[in-house]
Each structure stands twice: as C-alpha cells, then as structure tokens.
Amino acid sequence: MKYRVLGKTGLKVSEVGFGGWPIGGNAFGNSYGPTDDKQSLAAIGRALELGCNFFDTADVYGHGHSEELLGQALRGCRSEVIIATKVGGDFYHGTPRMNFNSDYLEFALGRAVKD
C-alpha cells in the first residue's frame, strides 16, 4: 500500500481508503441494498490486512450503522487508523433535513465517537 500526507495535517493515510456507505445497510431505503454485518466486518478486516488505514463514513450511512460497524472492527487498532466522518444530515429530530447549527453538529459528532 502506498501512503501520502493528508493535506497539512501531517497524517499519513493510505492512498486507497475504505468507503463506509455500502456497509451501512438499507434499513431506511436510501442505500445500496441489503448487507450482512459479518461480511462487512470481514471487508474492514481485509482492508486493514492490505494496509488501508483511512476509513470514511457518515452518520447518514444506515443511520449510524456504518459508524457502529467501523467502531466495532477498528476498536483494537484505533491508534493506527484515520477515520473521517461527516455530519449535517439531521434525521434524529423529526423530518430529515440539513442542519449545520453548532449544537446539532456537536450532538452528531458526539454520537459518532460514542464507541
């Protein structure tokens, strides 16, 4: 695996990252389709074996399921990986909408790192 520095952060990330949208599942009808958590966890493990250390997710991927699976799979090696998440799609408070209010962003990021 090749690595490069992520912008001005100084973080060395793999040139190939793992996108978490497909592992979020389709319980809410807005994703790729049915998924299997066991296969998803195996895919994350294989990405690690191949040298991937950059994982991308968002709270809207399976309404947090992608973040939960990544948290579960990466728990033992958290200091060795970089996880990027995105927030702003507020589906927690009534009708889904974009919400970039600082209170909401703090709430959503808090949920993302709870595990």
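By definition, a body whose alpha carbon gyration tensor gives a ≥ b ≥ c is oblate when a/c is 1.5 or more and a/b is not larger than b/c, and the stretch 1-67 fits this oblate description. Extending 7 Å from Cα along the Cβ direction at E80 and again at K38 yields two label points whose distance is 2.5 nm.
Rounded to the nearest 500, what is the 222 nm mean residue ellipticity of the chain from helices alone, with -39500 (n - 2.57) per DSSP H run of 4+ residues and division by all residues?
For the chain, the value works out to -9000 deg cm²/dmol.
Considering only G76, G19, G89, the mean-square fluctuation computed in a Gaussian network model of the chain, springs between alpha carbons under 10 angstrom, is largest for G76.
Computed over the Cα atoms of the stretch 37-96, pair by distinct pair, the Kirkwood hydrodynamic radius stands at 12.3 angstrom. Spin-label pair F100-K8: with each label point 7 Å from Cα along the Cα-Cβ axis, the two points sit 2.0 nm from one another. Annotation note: chymotrypsin sites (Phe, Trp or Tyr not before Pro) in the stretch 1-36 located in DSSP loop regions with a Cβ neighbour count of at most 15 within 10 Å are F28, Y32. The charge dipole of the stretch 3-112, taken about its Cα centre with unit charges on the Cβ atoms of Lys, Arg (+1), Asp and Glu (-1) only, comes to about 280 debye.
Among I23, I44, I82, which comes first, then next, by fewest other beta-carbon atoms within 10 Å?
Numbers: I23 27, I44 21, I82 15.
Fewest-to-most ranking of I23, I44, I82: I82, I44, I23.
What is the Cα radius of gyration of the chain over 2.2 N^0.38 Å, N being its residue count?
Details: Rg = 14.6 Å, N = 115, 2.2 N^0.38 = 13.4 Å.
Working it through for the chain, the quotient is 1.09.
Sites listed here are trypsin sites (Lys or Arg not before Pro) in the stretch 86-115 whose DSSP assignment is loop and whose Cβ has at most 12 other Cβ atoms within 10 Å: K114. Here is the list for the stretch 1-52: trypsin sites (Lys or Arg not before Pro) lying in DSSP coil, each with at most 11 other C-beta atoms within 10 angstrom of its C-beta, are K2, K8.
Computed from the coordinates by the stated procedures, all read-outs in this text should not be read as laboratory data. This structure is a prediction, so every number in the text was calculated from the model and none was measured. Heads up, the Cβs are rebuilt from the backbone with ideal geometry, glycines too, and the neighbour counts pull from every protein chain shown.
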